[in-house]
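The values are calculated or read from the model by the stated rules, or taken from the named source; none is laboratory data. These numbers come from a predicted model, not from an experiment. Please note: Cβ atoms are built from the backbone with ideal geometry, for glycine as well, and neighbour counts cover all protein chains shown. Just so you know, the surface numbers come from the protein's heavy atoms only, side chains and all, with ligands and any DNA or RNA stripped out. Shrake-Rupley method; radii C 1.70, N 1.55, O 1.52, S 1.80 Å.
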Amino acid sequence: MTSFDLGTPLPLPTPSDELLRRLATRRSAPAQSLVGPGPDAAQLQEILTLGARTPDHGKLFPWRFVVLGPQSRARIADDLRALAIQKGLPDKARAVLAKLVNPPLSILVVSTAAPASKPVWEQELSAGAVCMNIEHAAGALGFASSWITDWYSYEPEATALFGLTGAEKVAGFIHIGSLSEPPLERERPDVAAITTILP
Ligand SMILES: Cc1cc2nc3c(=O)[nH]c(=O)nc-3n(C[C@H](O)[C@H](O)[C@H](O)COP(=O)(O)O)c2cc1C
């Protein structure tokens, strides 16, 4: 039987300059630039546990993880290469596979959303939030990460290679590793322009 602490009081929020600083400087890593070390087994477990600690409406937990080590990704990339040729996809479809095979560790977040007591849209949003929490957890452990989808997330023959079935969808491949150089900031939206403040 699974044991869990339902109703155990958790700490009240307190200000954290460190968390604010991290949120203000967080940046995705280009997947090609991720090098070792990646998370070890205990760190991976922590990342998954924190990722699964994400809001979802109705306690449906409409997501699951596929942890992809380098060997499985290399094997699947070979099959994807063949699939790209078979489907007559442009050369770029094969080139982007470098992003899949290069990183030390990859977590595929699968949306298992299906018609249920809560809207499918909300279940899918929750899967996206899981991706972001995984990135935050990896960052807190000192790793860089990259959230990628690419063409093989949208081809049923490709997603089947990762074990997706039925209506399951790829929420994201979260590639995790280390960076040898600091990331560069990119353009950010004008927050005022996208914000409506009502009294
Ligand atoms: C849902 C989603 C899908 C993405 N898919 C790809 C992708 O297929 N290829 C890619 O190079 N980057 C992909 N990215 C990463 C973005 O292009 C970009 O690097 C990232 O959003 C930068 O965010 P940041 O600077 O706030 O960290 C994806 C990001 C998201 C959120």
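If you take the beta carbon distance between Gln45 and Glu18 as r and set R0 to 22 Å, what does 1/(1 + (r/R0)^6) give as a FRET efficiency, to the nearest 0.05?
Values: r = 23 Å, r/R0 = 1.04.
So, using R0 = 22 Å, E works out to roughly 0.45.
Multiplying the sequence separation of Leu184 and Thr25 by 0.36 nm and subtracting their Cα-Cα distance, what value in nm do you get?
56.3 nm
For the charge dipole of the chain, defined by +1 on Lys and Arg C-beta atoms and -1 on Asp and Glu C-beta atoms about the Cα centroid, which residue among Ser16, Gln32, Ala127 has the Cα displaced farthest towards the positive pole?
So the residue we want is Gln32.
With a length cut of 18 Å (Cα positions projected on each helix's long axis) and a Kyte-Doolittle mean of at least -0.5, go through the chain and give me the DSSP H helices that pass.
What comes out of the filter, once short or polar helices are dropped, is 70-86, 120-140.
Taking a cut-off of 30 Å between Cα atoms, list the lysines near Lys99, but don't count ones fewer than 8 places away on the same chain.
Lys87, Lys169
Let me test this: with uniform point scatterers at the alpha carbons of segment 56-142, what is the Debye-based log₁₀ I(q)/I(0) at q = 0.14, 0.15, 0.19, 0.20 1/Å?
Debye output, listed in q order: -0.67, -0.75, -0.94, -0.97.
Sort Lys169, Lys87, Lys92 by heavy-atom solvent-accessible area, probe 1.4 angstrom, most to least. Walk me through the numbers on the way to the answer.
Working: Lys169 105, Lys87 80, Lys92 145 Å².
Sorted descending by solvent-accessible area, the residues read Lys92, Lys169, Lys87.
If you place +1 on the Cβ of every Lys and Arg, -1 on the Cβ of every Asp and Glu, and leave all else neutral, what size is the dipole of the chain about its Cα centre, to the nearest 20 Debye?
200
To the nearest 20 debye, what is the magnitude of the charge dipole of segment 37-79 about its Cα centre, counting +1 on the Cβ of each Lys and Arg and -1 on the Cβ of each Asp and Glu? It would help to have the intermediate numbers written out before the result.
On the way: 5 positive and 5 negative charges, 32 e Å.
Result for segment 37-79 is approximately 160 debye, rounded to the nearest 20.
How many percent of the alpha carbon pairs in segment 126-171 exceed a separation of 15 Å?
52
If packing is taken as the average count of other Cβ atoms within 10 Å, what order do 20-26, 8-14 fall into, highest mean first?
Peptide ranking by packing, descending: 20-26, 8-14.
For all pairs of alpha-carbon atoms in segment 29-179, what percent lies in each bin of width 5 Å, listed from the first bin to the last filled one?
Histogram of Cα-Cα distances, whole percents per bin: 2, 10, 20, 21, 19, 15, 9, 4, 1.
Using θ = phi - 60° and the Karplus form 6.51 cos²θ - 1.76 cosθ + 1.60, what ³J(HN,Hα) does each residue of segment 32-40 get, whole Hz, x for Gly and Pro?
In residue order, the calculated couplings are 5, 8, 6, 10, x, x, x, x, 7 Hz.
How big is the accessible area of Asp17 in square angstrom, nearest 10, if you roll a 1.4 angstrom probe over the protein chains?
130
Quick check: the distance between the Cα centres of segment 128-157 and segment 15-82, to the nearest angstrom?
5
What's the extension gain from Asp78 to Thr165 if we count 0.36 nm per residue and subtract their Cα-Cα distance?
29.3 nm
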